[in-house]
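The values are calculated or read from the model by the stated rules, or taken from the named source; none is laboratory data. Note that the structure is a prediction, hence the values are computed from the model and not measured. Surface accessibility is based on the protein's heavy atoms, side chains included, excluding ligands, DNA and RNA. Shrake-Rupley method; radii C 1.70, N 1.55, O 1.52, S 1.80 Å.
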Amino acid sequence: MSPLDKLANAISAALDEAPAADVLTVITGTFVGLTVEMVRRAGHDVTKPITVDGGKQRDITIHAPKG
């Protein structure tokens with residue numbers, strides 16, 4: 001089983017055991033943290049908004065940190 005398959009199964013199991021809002025909070029936090037770190041490693045300013053191009057789907061904007 002691939003790591004992505006394992007992740008999908010873990011998310012499915014989490015949804016069976018915890019409220020969807022809690023699972024979404026963990027997934028969203030992970031997404032934001034990973035995206036900010038990738039942007040930082042690429043040498044960009046992570047104090048500015050970050051936009052993820054969703055292609056034909058919705059774009060995602062990670063707003064600048066709150067002061």
Of the heavy-atom accessible surface of the chain (probe 1.4 angstrom), what whole percent is carbon and sulfur?
61 percent
With all protein chains modelled, accessible area of Thr51 [1.4 Å, Å²]
90 Å²
On full extension of the chain, what length is gained from Ala10 through Arg41, given 0.36 nm per residue of separation minus the C-alpha to C-alpha distance?
8.4 nm
Log entry: pair-distance distribution for the chain, C-alpha pairs binned every 5 Å from zero, whole % per bin is 4, 14, 18, 20, 19, 15, 9, 2, 0
Any chance you could give the angle, 0 to 90 degrees and rounded to 10, that helix 20-41 forms with the longest Cα principal axis of the chain?
40 degrees
Keeping all protein chains in place, calculate the accessible area per residue for the chain (probe 1.4 angstrom), answer in Å².
85 Å²
Between 0 and 90°, nearest 10: helix 3-17 axis offset from the chain longest Cα axis
70 degrees
